[in-house]
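One structure below.
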Amino acid sequence: MKKVLFSLLLFASVSVFAQKNSSTKFAIANGNVGTVAMFDANKQFVQSVNMYKNSAALPQELKKYSFLAENGLAAVKFKKDFGTLDFISLGDLNRQNGLAPETPVFVDGYEFPDTKINIFADLMVNAEVKDYNGRKTLYISSTKK
């Protein structure tokens, strides 16, 4: 009986950790990942935003981010006189947290298997290492809890 309860508890905790935040809408600018909310807070730097409703509507240069398009995906273009916001690769974030650089990272419940992807530093409100399927994994949240 204890094994059954333990298995159920383990399954429930894994499900909670990996649960996608359905309110997160991702945005791509200069090949880096952010959120629509993050760019809304930095409107003074934004020239234009193109919203794509689903992965089928994405242009070729955004296809590699199709796993983020569940709630739509925005392509953001910065104003010409603005460079870019600070960004970092997920592999570098893994290293900073004592993890192997190739370990997948979760951002708001979305798994990023390619750790060469860059995210904007402003996206990270909270980052913590948790156990996922017996492996230490970095979890990043873009919203305050």
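The values are calculated or read from the model by the stated rules, or taken from the named source; none is laboratory data. This one's a predicted model, so the numbers in the text were calculated from it and none came from an experiment. Here the Cβ positions follow ideal geometry from the backbone for every residue, glycine too, while neighbour counts run over all protein chains shown. Ligands, DNA and RNA are excluded from the accessible area calculation, which covers all protein heavy atoms including side chains. Shrake-Rupley method; radii C 1.70, N 1.55, O 1.52, S 1.80 Å.
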Can you pull the one-decimal nm distance between simple spin-label points at residue 22 and residue 121, each 7 Å off the Cα toward Cβ?
3.5 nm
Express in nm, to one decimal, how much length is gained between residue 57 and residue 40 on full extension, taking 0.36 nm for each residue of separation and deducting their alpha carbon distance.
3.9 nm
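Mind checking the per residue accessible area of the stretch 25-145 for me, 1.4 Å probe, whole number of Å²? Don't jump to the answer; show the numbers that get you there.
Numbers: 6450 Å² over 121 residues.
With the other protein chains kept in place, the stretch 25-145 gives 53 Å² per residue.
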Rounded, prolate or oblate: pick one for the stretch 103-145, where a ≥ b ≥ c are the square roots of the eigenvalues of its C-alpha gyration tensor, a/c under 1.5 means rounded, and failing that, prolate if a/b is larger than b/c, else oblate.
oblate
Kirkwood Rh, angstrom, the stretch 27-79 [1 / mean 1/r, Cα pairs]:
11.0 Å
Based on alpha-carbon positions alone, could you give the equivalent ellipsoid semi-axes of the stretch 51-145 from the gyration tensor, as √(5λ), descending, whole Å?
24, 17, 13
